[in-house]
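What follows is calculated from the coordinates using simple rules that are stated; it is not laboratory data. All of these numbers come straight from a predicted model, not from anything done at the bench. No Cβ is skipped: glycine too gets one built from the backbone with ideal geometry, and neighbour counts run over all protein chains shown.
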Amino acid sequence: MDTIVITGASSGIGLETARILTNHGFNVLGIARCEAKCNRAKERILSENPDAKITFFVADLMQQREVVRVAEEITFYLDKNCNGKLYALINNAGCVRSWYMTTDEGYEQQFALNHLAGFLLTYKLLPALKKAQGRVIITGSKSHKGIKVRWDDVMLCHRYNPLIAYKQSKLCNILFAKGLNDRYAAAGIRAYVVDPGLVNTDIGNKETGGLVNFIWALRKRHGVPPAVPAKTYAFLCMQKPMPEGLYYYLCKEKKYSGQVTSENANRLFELSERLCDIRYEEVEMV
Amino acid sequence: MNVMITGASGGLGRALANECGRRGYKLFLTDINEDGLLCIKRGLERQFDVPVATAACDLTNAESVDKMLDFIDKHEIRFDMLLNVAGLDFEGGFLGREREELVKIVLLNNAATLRITHAILKRRRPGRPFTIVFVSSLASMFPMPIKATYAASKRFLLDFATSLRQELKNEDVNVLTLCPGGMVTTHETICSIKAQGFWGNATTNPLEGVARNTIDRALAGESIYVPGMLNRVLSFFGKIIPRSWVAAVVYWRWKEVTGDVSMS
């Protein structure tokens with residue numbers, strides 16, 4: 001049975017994707033921050049499908065030490081139960097903020113969770129992905145268009161704008177996926193970004209206030225249920241041979257920003273490696 | 001520039017440390033939270049490649065402070081700037097709080113701040129200007145029922161800093177008092193801002209802007225910094241309206257937000 005890790009799996013798109021993938025017979029390892037929500041999500045999946053293989057790991061991926069800890073726990077699980085193989089990693093956890101807030105490392109929170117957490121988790125799980133010639137799927141957004149990475153102030157400390165911070169983090173998602181493909185496609189690992197479209201989830205109402213909270217509360221009413229984008233994740237997990245595109249919406253390849261170049265991807269890789277104190281090229285491949 | 005920051009692993013402390021790191025300052029960070037200190041040290045070194053030293057210390061404990069000062073002296077570290085950020089508050093009215101919690105507010109916000117300020121002034125880099133920032137609060141401008149101890153402790157800092165500034169003027173020392181409104185640093189502060197509705201949002205100051213302006217203004221020799229136009233207007237009215245009236249209005253306002261907690 002193939003194993004898939006999903007971050008942000010206790011609600012919204014992550015939960016729906018976990019539900020669909022367990023129904024297709026995958027062994028799903030979910031990661032989420034709140035233990036009670038993990039338990040509720042697990043109950044919901046099992047109530048629909050008592051044979052579902054679902055295990056939750058609790059971690060606050062905003063903090064890098066938590067990413068490292070949960071990655072070690074998952075690696076231990078994979079070694080013990082799955083011959084060390086990880087079929088797919090879905091970096092879905094994300095956040096929206098109304099104000100400039102930092103992680104324990106002093107990193108801006110949207111950049112830290114939406115991009116750096118996935119960057120570090122993927123690095124930690126890379127040997128297991130390589131063993132299975134696995135896939136990395138990242139939750140992106142159409143909002144990655146119409147913006148450039150602010151290389152001189154990537155944490156947006158100067159005049160913080162929450163929307164710009166979100167858009168930039170989503171551009172980073174697709175640059176990261178491009179960087180992964182440039183480096184590891186030859187080794188059998190492929191990375192994809194899913195544009196979920198406008199989805200009716202609570203992402204814009206968690207830890208937000210003022211205008212962001214108000215606008216999201218209105219906007220999400222027009223969003224599709226999380227089950228709609230979840231089909232695209234399932235499609236990308238199950239297609240054989242692996243699709244060769246980068247950016248997908250409703251199971252179809254879509255055009256992405258002209259900012260997504262190998263040059264920018266390499267620059268982001270270098271910056272992110274420094275901020276996580278890791279070197280992808282030093283990962284021992286099996 | 002060698003800078004010491006107390007309370008460096010909390011929200012404002014981290015933002016100020018980031019601002020100093022961006023400017024290439026060398027940092028000495030202290031906080032009671034050792035894990036938090038190590039995290040922010042790692043983040044600063046990775047982002048800005050600046051030297052960062054840390055020492056976990058309980059500033060309310062003289063022995064703990066002495067131990068940190070021994071470390072500083074042993075390594076002959078001398079400072080150009082001190083950012084007094086460490087401080088705390090406990091939610092609830094006077095009788096609703098534990099006795100020792102109330103005392104702790106004054107012990108950290110006031111006694112410990114005096115202790116570290118005296119110690120670091122004695123360890124300033126010779127022949128160079130010195131800058132001190134005291135993190136007070138907008139609450140220092142008003143008598144604040146339901147936050148009485150906290151507001152009074154912040155008033156102490158404001159008055160003390162104003163006097164110290166005068167006393168040390170000829171010693172090439174500048175003292176700035178920062179009096180911010182709310183700042184979003186934790187989940188709890190978000191809840192508090194939401195609970196206050198319009199006024200919560202209106203008096204909230206952007207953390208990154210406050211950090212940048214505080215350093216700019218301290219270096220420019222300013223004495224007091226109240227971020228935000230509305231907060232400056234409120235602090236002006238705090239000066240001209242009789243204090244008993246202000247206390248009555250503030251009590252009514254906080255009671256609305258928190259429920260009547262003064263006797264609970």
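Summary of values
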item: Mean projected area in nm² (Cα convex hull; one quarter of hull surface) for chain A; result: 13.8 nm²
item: Linear extension gain, A:A185 paired with A:D153, 0.36 nm per residue minus alpha-carbon span; result: 8.5 nm
item: GNM result for chain B, Cα springs below 10 Å: residue of B:V226, B:V175, B:V103 fluctuating most strongly; result: B:V103
item: Long-range HN-HN contacts of A:G30 with modeled amide H, under 5 Å; result: A:I6, A:T55, A:F56, A:F57
item: ³J(HN,Hα) computed for each position of segment B:127-141 - Karplus, 6.51 cos²θ - 1.76 cosθ + 1.60, integer Hz, glycine/proline x; result: x, 10, x, 10, 10, 10, 10, 9, 8, 8, 6, 4, 4, 6, 7
item: Fluctuation leader among B:L37, B:L16, B:L230 - chain B, Gaussian network, Cα springs under 10 angstrom; result: B:L230
item: Kirkwood-Stokes translational diffusion coefficient of the protein assembly as shown, alpha-carbon pairs, 20 °C, 1.002 mPa s, µm²/s; result: 85 µm²/s
item: Relative contact order of chain B, pairs being alpha-carbon contacts under 8 Å that are 6 or more residues apart, as %; result: 18 percent
item: Pairwise label distance in nanometres, B:D73 with A:N200, each label 7 Å out on the Cα-Cβ vector; result: 6.8 nm
item: Partner lysines for A:K37 [C-alpha distance under 19 Å; skip if fewer than 8 residues away on the same chain]; result: A:K53, A:K206
item: Electrostatic dipole magnitude of the protein assembly as shown [Cβ: Lys, Arg +1; Asp, Glu -1; Cα centre; debye, to 20]; result: 1480 debye
item: Sequence-distant residues sharing a close amide H with B:T54 (under 5 Å, placed H); result: B:L29
item: Neighbour count of at most 15 Cβ within 10 Å plus DSSP loop: longest GluC sites (Glu not before Pro)-free window in chain A; result: A:1-243
item: Debye, to nearest 20: dipole size of segment B:144-199, +1 on Lys, Arg Cβ, -1 on Asp, Glu Cβ; result: 280 debye
item: Computed label-point distance, nm, for sites B:E167 and A:R221 using a 7 Å Cα→Cβ extension; result: 6.0 nm
item: Prolate/oblate/rounded label for chain B (Cα gyration tensor, a/c 1.5); result: prolate
item: Candidates B:Y150, B:Y251, B:Y225, ranked by Gaussian network fluctuation over chain B, Cα under 10 Å, top entry; result: B:Y251
item: Volume of the Cα convex hull of segment A:110-210, divided per residue and given in Å³; result: 123 Å³
item: Net dipole in debye of segment A:3-279 [+1 Lys, Arg Cβ; -1 Asp, Glu Cβ; about Cα centre; nearest 20]; result: 720 debye
item: Span-rule helices in chain B, defined as complete DSSP H runs reaching 24 Å or more along the axis (Cα) with Kyte mean at least -0.5; result: B:148-167
item: Span-like helix ranges in chain A, DSSP H, alpha carbon extent 15 angstrom or more, Kyte mean at least 0.0; result: A:12-23, A:117-132, A:227-238
item: Spacing of the two label points (7 Å from each Cα toward its C-beta) at B:I241 and A:E282, in nm; result: 5.9 nm
item: Most positive-pole-ward Cα, A:F269, A:G245, A:V228, against dipole of segment A:218-286 from beta carbon charges; result: A:V228
item: FRET efficiency for B:A111 and A:K240, using Cβ-Cβ distance with R0 set to 60 Å, rounded to 0.05; result: 0.30
